[in-house]
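The values are calculated or read from the model by the stated rules, or taken from the named source; none is laboratory data. No experiment lies behind these values; they were computed from the predicted model shown. Cβ sites come from the backbone with ideal geometry, for glycine too, and all protein chains shown count toward neighbours. The area values use the complete protein model at the heavy-atom level, side chains included, leaving out ligands, DNA and RNA. Shrake-Rupley method; radii C 1.70, N 1.55, O 1.52, S 1.80 Å.
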Amino acid sequence: MSSLFSKKKNQTSRMTEGSEVKLLLRFMLPLLMGNIFQQIYTMVDSIVVGRFVSSVALGSVGTVSSITFLFLSLCIGLSGGVNVLVAQYFGAGKTANVKQAIGNAVYVTLLTGMTMSILAITLARPILHLMQVPEANFADALLYMRITCGATIVTAIYNTSSQIMCALGDTKTPLICVSVSSVINVVLDLVFVAAFHWGVSGAAWATVISWITATIGAVVIPLRKNEYYQLTGLDLVFSPRIVKKIIRMGIPLALQNAMGSISGVITQGIVNTFGSTVMSAYTACGRVEQILVQPYGTLGVSMASFSAQNIGAGKYDRVRSACRKSIFMVEGFTIAVTAVCFCFGRIFIGMFLTDSTMIEIGYRGLLIIAVSYFATGLVFVFKAMLNGAGDTAFTMFSGIIEIAARVVFLWVLISIPTVGIWGIWITAILSGITAAVLCFARYRQGKWKQRAVI
């Protein structure tokens, strides 16, 4: 552990030379492990709440998840803008610009994180009313939302630092931070909920404390290990030019995230109308899906950083080659995910729930979601490549179309008597196909080559 805090500053990695597949895998594996750790402690939250509090309390926690991400979406989007800018400067070998981008990212992160925290606490009650959260779930959902969403400033700082490290090719440090915080979260969940019987608030505080731990690590370690974090007064001078570039890249990404969250909120509101049984099954299915989707998400992050670095270096052929090879990787992931869900899906859902009806609904929904990734996996690849290229305005547009399609398909499908509640999950297949076609067309068109931010 002491080596983590040594003053040797070498925590960077260039992806502009060498095998595309090897670089992507080397980059994504630490991210994948870290994200799995992160999702495991989210699952532990749900398992502990579902087992030691009640299934109704689990539904309350689940209904807040999409709202939490909604408030964090602006911060995540802007940190994504920082990632693109830093990675392109890094690929181009412009050290001074890298440091200036990091320095100005501090101001953007603190302002947006604090704003979202205040809004989340203030608007919690009216938002839950708009979502038609059942009376039985309302009090727990309100408490959980105010505690977790109020800590948006913490997760904003973590995400920005993590994105900067990824832009510089360092995915090992985020793995360390998330792994430690995951262990802390699991321990505190058991102490606060199972031992102290603090209920939903105990799970919420366990999560927040673990976030704080990860954030401290994500700031302190690179300050000592990464030369690009060694900022001078000039690097910290506010630069409208740099901030404008961050916003230009980040706002479309933030809107993509926000629209995805809004879509999730709308879907959750519709799920809520089917009652607590479907709510709990949907929440359990979502928790399992959060684990299964990790290979796609981490490959997407890897592809974005790879794309940005190589476009900064002017190596467009490497970007195309990596994109083609990533398509084969995601389809392979999907075959494996579908097989795992078919064989073990009921066991996974049963980790959260004890009611046989809820388990069966969650299992069937999980199978549908697994199949949807044959299309959605392609979306991860193409969007990541386009975002890394700086073509975030188009990915925002495709996101709008995807979400509009999701809402329309959802309303139509649940209105068909023979489909009913299964429309909640089938919608993912149809909207995924829509988005994949749009993003592939943009990739083939080649206009992304003209969207570099530097």
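According to a simple spin-label model (label point 7 Å from Cα along Cα-to-Cβ), what is the distance in nm between W422 and V219?
5.0 nm
What FRET efficiency would be calculated for the residue pair R51, I335, taking the C-beta separation as r and a Förster radius of 35 Å, to the nearest 0.05? Spell out each step's value before the answer.
Details: r = 32 Å, r/R0 = 0.93.
The value I calculate is 0.60.
Please tell me which of these pairs span more than 25 angstrom C-alpha to C-alpha: K383/K447; K99/K225; K99/K245; K315/K383; K172/K325; K244/K447?
Values: K383/K447 14 Å; K99/K225 15 Å; K99/K245 14 Å; K315/K383 18 Å; K172/K325 23 Å; K244/K447 22 Å.
Violating the 25 Å limit, Cα to Cα: no pairs.
Below 8 Å, C-alpha to C-alpha, sequence gap of six or more: please give me the relative contact order for the chain in percent. Numbers along the way, then the final one.
Numbers: 760 pairs, mean separation 111.7, N = 454.
For the chain, the relative contact order is 25 percent.
When only C-alpha pairs under 8 Å and at least 6 residues apart count, what is the relative contact order of the range 34-187, in percent?
Relative contact order, the range 34-187: 40 percent.
Below 15 angstrom from the Cβ of G420, what's the summed charge of the other residues (Lys, Arg +1; Asp, Glu -1)? If you can, show how the numbers build up before the last one.
Details: positive: R364; negative: E360.
Every neighbour counted, the sum reads 0.
Is the range 312-432 best put as rounded, prolate or oblate by its Cα gyration tensor, with a ≥ b ≥ c the root eigenvalues, rounded for a/c under 1.5, and otherwise prolate when a/b is larger than b/c, oblate when not?
Working: a/c = 3.17, a/b = 1.64, b/c = 1.93.
Here the range 312-432 falls in the oblate category.
Give the residues of the range 302-344 whose amide nitrogen is closer than 12 Å to a point set 7 Å from the Cα of L367 in the direction of its Cβ.
339, 341-344
Using r as the Cβ-Cβ distance of T95 and A195, and R0 as 45 Å, what FRET efficiency do you calculate, to the nearest 0.05? Can you show the working numbers first?
Values: r = 50 Å, r/R0 = 1.12.
After rounding, the FRET efficiency stands at 0.35.
Dipole of the chain (Lys/Arg Cβ +1, Asp/Glu Cβ -1, origin at the Cα centre): which of A436, M43, L413 lies farthest to the positive side?
Final value for the positive-end residue is A436.
Please report the spacing between the Cα centers of the range 128-158 and the range 293-313 in Å, no decimals.
31 Å
How large is the accessible surface per residue of the chain, computed with a 1.4 Å probe and reported in Å² as a whole number? Don't skip to the answer; put the middle values down first.
Details: 17620 Å² over 454 residues.
About 39 Å² of surface per residue is accessible.
Taking the full set of protein chains and a 1.4 angstrom probe, give the accessible area of F348 in square angstrom, rounded to the nearest 10.
Surface open to solvent at F348 totals about 50 Å².
Sort 371-377, 264-270 for me by packing, meaning the mean count of neighbouring Cβ atoms within 10 Å per residue, highest on top.
On the way: 371-377: 21.6, 264-270: 19.0.
For the peptides 371-377, 264-270, the packing ranking is 371-377, 264-270.
Measuring from label point to label point, each 7 Å out along Cα→Cβ, what is the K22 to D355 span in nm?
In this crude label model, K22 to D355 measures out at 5.3 nm.
Answer with one residue from F333, Q256, A105: the one whose Cα lies farthest towards the positive end of the charge dipole of the chain, charges on Cβ with Lys, Arg +1 and Asp, Glu -1.
Result: A105, furthest along the dipole toward the positive end.
Placing +1 on the Cβ of each Lys and Arg and -1 on the Cβ of each Asp and Glu in the range 232-321, which of Y316, I246, S280 has its Cα farthest towards the positive end of the resulting dipole?
The listed residue farthest towards the positive side: Y316.
What is the magnitude of the charge dipole of the chain about its Cα centre, with +1 placed on the Cβ of each Lys and Arg, -1 on the Cβ of each Asp and Glu, and no other charges, expressed in debye to the nearest 20?
Numbers: 33 positive and 16 negative charges, 356 e Å.
Here the size comes out at about 1700 debye.
Among (i) 4, 18, 28, 27, 16, 6, 2, 0, 0; (ii) 5, 21, 32, 27, 12, 2, 0; (iii) 4, 17, 25, 21, 16, 11, 4, 1, 1, 0, 0, only one was calculated for this model; which label is it, if the read-out is P(r) over Cα pairs in 10 Å bins from 0, in percent?
Checked against the structure: label (ii).
Place a +1 charge on the Cβ of each Lys and Arg in the range 199-269 and a -1 charge on the Cβ of each Asp and Glu, then give the dipole magnitude about the Cα centre in debye, rounded to the nearest 20.
It comes to approximately 240 debye.
For L130 and T115, compute 0.36 nm times the residue count separating them, minus their Cα-Cα distance, and round to one decimal in nm. Mind showing how you got there, number by number?
Working: separation 15, 0.36 × 15 = 5.40 nm, distance 2.14 nm.
Extending this stretch completely gives an extra 3.3 nm.
Could you rank H197, H129 by how accessible they are, 1.4 Å probe, largest area first? Walk me through the numbers before you get to the answer.
Working: H197 140, H129 115 Å².
Largest accessible area first, the residues go H197, H129.
Mind giving me the nanometre distance, one decimal, between the label points for R241 and R451, set 7 Å out from Cα along Cα→Cβ?
Result for the modelled spin labels: 2.4 nm.
Alpha carbon centre of the range 46-72 versus the range 391-437: separation in Å?
Rounded to whole Å, the Cα centres lie 24 Å apart.
Let me know the charge dipole size of the range 201-352 about its Cα centre in debye, to the nearest 20, where only the beta-carbon of Lys, Arg (+1) and Asp, Glu (-1) is charged. Display every interim value, and only then the final one.
On the way: 13 positive and 5 negative charges, 94 e Å.
Once rounded to the nearest 20, the dipole reads 440 debye.
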